[in-house]
Every structure is written in C-alpha cells, then in structure tokens.
Amino acid sequence: MPARVSGVGTSVPPRVMTNDELSKIVDTSDEWIFSHTGIKSRHIAADDVAASDLGLEAAQAALGSAGVEPESIDMILLATSTPDYPSMPATASIIQDRLGAGNAGAMDISVACSGFVYGLGTAAAFINSGQSSCILVIGSEVYSKIINWADRNSCVLFGDGAGAVVVQATTDAGISDTVLHSVGSGALSLYRPVGGSRESCLPSTPDSRTKLHMEGRQVYNFAVQAIIDTVEEILGRNNLTIADVNHVVAHQANVRIIDAACKRAGYPSDIFFKNIEHYANTSAASIPIALNDMEQQGLLGPGDTVITVGFGAGLTYGGNLLTWG
Ligand code: UT7
C-alpha cells in the first residue's frame with residue numbers, strides 16, 4: 001500500500017532565549033548570530049523536560065490532527081540524538097507507554113539531524129510492505145542538554161523542540177520515494193567525544209568532552225552539497241525537474257546553507273521553506289516543525305509535491321518525495 005502523512009503536530013518549550021540573552025553567556029552578538037545563521041531566538045526546555053516529554057506532546061497533537069487513536073498505531077519511530085537515557089531503553093518506548101499505544105512496537109533512530117527523513121522513509125517502507133498500516137514518526141530533541149554552553153561556535157546554533165507525523169496506508173499517492181546516505185568518514189566532525197563505548201566517563205573527564213563537538217566549516221560544506229545531491233537524486237529518479245516541485249523542506253541548520261545550495265544549483269529560493277529564525281536548529285525535529293508551520297500558514301495544498309532534505313551527524317543525509325494531502 002502507498003503511505004501518506006495524515007497528521008502533523010509539534011511541541012516546543014515555552015521558554016524563548018533570544019540572541020541578546022545568549023550574548024550575556026558567551027562572547028557573541030545578535031548581529032553575528034543573525035548574519036551568520038538567520039537565527040533570532042530558540043526555545044529552551046526546562047531542567048526537568050526530556051526528549052520523551054516534548055515527543056509525547058508532539059505525538060498527541062499529530063494524532064489529534066489525523067483523528068487517530070493511540071491503539072491504532074503499529075509502530076513508533078522516534079528520531080532523536082538526545083534520548084532520555086544513554087543507549088537504553090529506547091525513548092520511543094517511554095512515549096509508547098505514556099501515549100497508551102498498547103499495540104505499537106517502538107524504536108529510536110539515531111542519525112541526528114537526518115533522523116526524520118530516515119524515519120519517514122522507514123515508515124513508508126513498513127507500510128508499503130503491508131507489515132504496518134499506521135506509524136508515528138517523531139523527531140524530538142533537547143540539544144540544550146548536550147551543547148557546550150561555553151563554546152560560541154556551536155551553542156548559538158541549537159534549540160529544543162519536537163515534531164511528529166502520522167503515516168497511514170492510503171490508496172492515493174503519498175510518500176513515493178526516499179534516498180538515504182551516510183558518509184562515515186566525517187563521523188568525528190560532529191559528535192560527543194566521551195560517554196559512549198569508545199571512551200567512557202571517568203571522574204577525571206572534563207565535562208566539555210561529554211558535550212557536542214562540531215567542526216562548523218566542514219559540516220557547512222558537507223551540508224550545502226548534501227541538499228543539492230539529495231534534490232538532484234530525487235528529481236532524477238522520479239523524472240521530475242525542480243519546476244515540478246512546490247516546496248523543499250530542508251533541515252533548518254543555517255539559512256546560509258539553504259541559500260548557498262540554491263545559488264550553486266540554480267534553484268528558486270522561494271520554494272525552500274525557512275523558519276530557523278524562531279527555533280534555531282532543532283535537529284531531527286526541524287522538518288516536522290517546518291511541516292506543521294507550513295500547514296498552519298496554509299502553504300501546503302492537497303496534491304503539492306514536496307521534497308524533504310535532512311543532513312547531519314554521521315555524516316548522514318537523505319530525503320523524501322511526497323505528494324501532500
Ligand atoms: O545540523 C547540522 C549541524 N551543524 C551545522 O549545520 C553547522 C554548519 N556550519 C555553520 O553553520 C557555520 O560554519 C557556522 C555558523 C558554525 C560558523 O559560521 P562561519 O561563517 O563558518 O564562521 P567561522 O567558523 O568561519 O568563524 C568566523 C569568525 C571566527 O573568528 P575569526 O577567527 O575570524 O576571528 C569565529 O571565532 O567568527 C567567530 N565566531 C563567532 N563570533 C561571534 C564563531 N562563532 C561566533 C559567535 N559569535 N557565536
């Protein structure tokens with residue numbers, strides 16, 4: 001069966017942190033952050049709020065928008081790189097229980113900012129195979145807990161939030177293609193050095209080594225090309241041109257990444273949705289949050305051709321081709 005997105009929802013923490021506020025924590029300025037990234041503010045989770053809390057609320061909103069009861073869900077796929085607990089249990093299982101989704105399997109997808117497009121592709125494949133008929137795909141992140149607040153190169157870039165979609169079997173067109181890639185040679189350009197099985201957390205370990213470390217320029221260059229390669233691959237595989245596409249919903253990491261990809265490939269920039277100004281980079285949550293904002297702004301019409309593009313740690317990238325509605 002084909003699979004379609006039948007509902008979308010989000011949850012962002014109420015606390016908003018502006019660039020001016022950040023400039024009191026590290027040596028930065030609103031002018032630098034906005035001109036280099038397009039970010040004005042981000043939402044920050046309270047100390048006791050974890051990925052499952054935001055993910056649960058986004059899931060409930062998506063189920064409400066689809067008119068689906070939790071018991072109807074076959075599978076919960078949670079894309080996150082900020083799970084409630086390190087390595088186990090899957091945060092998806094915590095959401096499954098709190099949602100009352102008693103018939104659903106649950107697993108986390110750990111490909112950082114590419115997580116949502118990997119999740120959407122996996123959901124479509126499960127439904128295409130006949131194994132599932134209703135899947136929740138959630139992206140939920142609380143990067144405020146893992147960023148190094150003393151590192152101005154990275155801490156200004158991220159925000160917290162969650163977005164979710166319900167994916168259901170349909171007879172019409174829906175998610176018709178997915179491309180997924182990994183360039184593992186770039187693994188150490190965006191990672192948390194300490195706390196995994198390579199290097200464990202000893203009392204002597206400096207705290208900053210347990211936090212996110214990023215080679216910004218390297219990731220930037222990768223990201224620009226990842227957008228172009230993903231869009232070109234999807235267009236080519238489906239006999240489309242960029243003129244056939246109504247919206248490209250790329251991961252919101254930096255407006256300059258999107259603008260540079262458009263300039264290099266000659267894409268019309270107005271088909272690329274941008275909302276990073278208000279959220280910063282919410283990693284796996286940025287694409288479903290964008291889809292939700294687009295729905296609320298009346299930008300997504302039935303039959304619209306949409307390409308999603310994710311890219312991030314791994315390094316990973318990929319995208320989906322969807323007919324909306
Ligand atoms: O989801 C994927 C996650 N990661 C990304 O998408 C990140 C991709 N990379 C980027 O978006 C950009 O590379 C950054 C926004 C991280 C950096 O922008 P840039 O234009 O590449 O700046 P830069 O790293 O080349 O730094 C330029 C200058 C440096 O000063 P000097 O050496 O020229 O004196 C930095 O120290 O800007 C300085 N700088 C800052 N200044 C004020 C770096 N961060 C800041 C800051 N505030 N927050």
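See the values below:
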item	result
Residues satisfying the stated conditions in the range 1-44, i.e. among the charged types (D, E, K, R) and within 16 Å of the ligand (Cβ to nearest atom)	ASP20, GLU21, LYS24, ASP27, ASP30, GLU31, LYS40, ARG42
Residue within the range 246-264 that is touching a Gly at 6+ places or on another chain (Cβ under 8 Å), at positive phi and crowded, with 23+ Cβ neighbours inside 10 Å present	no
MET88 being within 25 Å of GLY314 (Cα to Cα) and in contact with a Cys (Cβ under 9 Å, 6 or more places away or on another chain)	no
Answer residue from the range 234-257, given it is under 11 Å from LEU321 (Cα atoms) and part of a helix (DSSP H, G or I) and is nearest to the ligand (Cβ to nearest atom) among those	ILE234
Matching residues, the range 194-216, being of a type outside the set (Gly, Ala, Ser) and either away from the ligand (no atom under 16 Å from the Cβ) or farther than 13 Å from ASN148 by Cβ (or both)	VAL194, ARG198, GLU199, CYS201, LEU202, PRO203, THR205, PRO206, ASP207, ARG209, THR210, GLU215
Scope the range 1-27; condition in contact with a helix residue (DSSP H, G or I) (Cβ under 7 Å, 6 or more places away or on another chain), among the polar types (S, T, N, Q) and surrounded by fewer than 20 Cβ atoms within 10 Å (Cβ to Cβ); matching residues	SER23
Index of the failed condition, SER154 passing every other in (1) within 15 Å of the ligand (Cβ to nearest atom); (2) in contact with a Gly (Cβ under 6 Å, 6 or more places away or on another chain); (3) polar (S, T, N, Q)	(2)
Qualifying positions in the range 105-132 - away from the ligand (no atom under 16 Å from the Cβ) and either touching an Asp or Glu at 6+ places or on another chain (Cβ under 6 Å) or among the aliphatic types (A, V, I, L, M) (or both)	ALA106, MET107, LEU120, ALA123, ALA124, ALA125, ILE127, SER132
Segments classed as strands (runs of 3 or more DSSP E), wholly inside the range 28-115, with at least 3 members that are free of Cβ contacts under 8 Å to residues at least 40 places away in the same chain	105-109
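Read-outs throughout are calculated quantities, based only on the coordinates presented, and are distinct from any laboratory measurement. Model, not experiment: these values are computed from the prediction. Ideal geometry is used to build each Cβ from the backbone, glycine not excepted, and the neighbour counts take in all protein chains shown.
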